[in-house]
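Okay, structure first, notes after.
The values are calculated or read from the model by the stated rules, or taken from the named source; none is laboratory data. What you see is a predicted model, and the numbers here were worked out from it, not measured in a lab. Note that each Cβ is placed from the backbone with ideal geometry, even for glycine, and that neighbours are counted across all protein chains shown. Only protein heavy atoms, including side chains, enter the accessible area calculation; ligands, DNA and RNA are left aside. Shrake-Rupley method; radii C 1.70, N 1.55, O 1.52, S 1.80 Å.
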Amino acid sequence: MPTETITAAASGTWTLGDLEVHRIGFGAMRLPQDGPALRAAARSGDRSRAIAVLRRAVELGVNHIDTAAFYFSPLRSANELINSALGGPYPDDLVIATKVGPTRDAAGEWAAHAGPGQLRGQVEENLRQLGRDHLDVVNLRVLGTDSLAERFGVLAGLREAGLIRHLGVSNVTPEQLAEAQAIAPVVCVQNMYGIGVRPEYDAFVRSCGEQGIAFVSFYAIAAAGREGGAAGSESEELLTVARAHGASPAQVRLAWTLRRGPHVLAIPGTGNPDHLADNVAAGALHLTDEDLALLERLHHAPAA
């Protein structure tokens, strides 16, 4: 599908608390390195290309960028790239969402998730790297189904102190969302979701919309490829829909995700400016009822 004049505005808007964003955003996870993300031995990516992609994203109307202090390679930090490309000052309508919880050492090796006593330090590190005096949205990323109350309570306190504007949760169950909501308002749930990815969460996605909470899908394109990106061959069903629209399978995956509800957002990431334009253009792809029925069957098909 043609992409030259399509901007993120074509995807529509949603409000994170009092911050309006286009529903197609940008995930910064892949910017610091070439190849699979979040690996200790990752090869650092080209700095000038990463900065150019970020600036082009904003030119294309992207005003929701997802990042984290633990997105780094030996020579690159996603937050520092964002600050260099877009800071001084940042665009007035740009919303930067960060995550806290996971920890990596200086060599990039993963360590235990942060406990309550470490979360303020993680928030302050994001502030420092981004050059901000507050963070627009902070998601508490959790591992497992244990209680998040104590950790989320720390972030709620930092919100009261003015360091954080809005709070979200990531990689959570409906029960964990309810637990967080009992402590402080939650503006978004950021979970892995897409065609064939966690169909058991369909009801959770709908429930978020009923509560006015954004559901921010990650790995909507990569699916099972996760940090390594899209891999393997696509199904004939998905290819049929893509051919009918002159679109790529990745664009179909993004368009399907956005059709799950007006509250559903996507944050595809890339270090390739052409892929960036294609991802943004997916917000203008209108799937037919027949397309959606075909993709729904694929979504619920048993894993091969």
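A few remarks follow.
- Residues being open to solvent by less than 50 Å² (accessible area, probe 1.4 Å) and part of a helix (DSSP H, G or I) - total across the stretch 114-135: 9
- Per-region count, the stretch 168-187, residues in a helix (DSSP H, G or I) and not aliphatic (A, V, I, L, M): 5
Conditions (1) surrounded by 22 or more Cβ atoms within 10 Å (Cβ to Cβ); (2) in a helix (DSSP H, G or I); (3) touching a residue at least 40 places away in the same chain (Cβ under 8 Å), marked per residue:
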residue: Leu254; (1), (2), (3): yes, yes, yes
residue: Thr257; (1), (2), (3): yes, yes, yes
residue: Gly269; (1), (2), (3): yes, no, yes
residue: Leu276; (1), (2), (3): yes, yes, yes
residue: Gly283; (1), (2), (3): yes, yes, yes
residue: Ala293; (1), (2), (3): no, yes, no
residue: Pro302; (1), (2), (3): no, no, no
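- The stretch 188-204 residues that are outside any strand (DSSP E or B), paired with ones that are surrounded by fewer than 22 Cβ atoms within 10 Å (Cβ to Cβ) and among the β-branched types (Val, Ile, Thr) (beta carbon under 7 Å, 6 or more apart): Tyr193/Val205
- Matching residues in the stretch 136-147 - criterion: being among the acidic types (Asp, Glu) and open to solvent by 60 Å² or more (accessible area, probe 1.4 Å): Asp146
- Qualifying residue in the stretch 35-46 (condition: in contact with a Gly (Cβ under 6 Å, 6 or more places away or on another chain), within 30 Å of Arg259 (Cα to Cα) and either open to solvent by 50 Å² or more (accessible area, probe 1.4 Å) or touching a residue at least 12 places away in the same chain (Cβ under 8 Å) (or both)): yes
- Leading residue by the ranking (most open to solvent (accessible area, probe 1.4 Å)) among those in the stretch 69-112 that are farther than 23 Å from Ala266 by Cα and not in a loop (DSSP other than H, G, I, E, B): Trp110
- Applying the set (1) part of a strand (DSSP E or B); (2) open to solvent by 20 Å² or more (accessible area, probe 1.4 Å); (3) under 22 Å from Gly269 (Cα atoms) to Arg165 leaves exactly one unmet item: (3).
- Some residue of the stretch 197-213 being at pLDDT 95 or above, of a type in the set (S, T, N, Q) and either open to solvent by less than 30 Å² (accessible area, probe 1.4 Å) or over 21 Å from Thr15 (Cβ atoms) (or both): no
- Residue within the stretch 49-65 that is over 27 Å from Thr257 (Cβ atoms), open to solvent by less than 60 Å² (accessible area, probe 1.4 Å) and touching a helix residue (DSSP H, G or I) at 6+ places or on another chain (Cβ under 9 Å) present: yes
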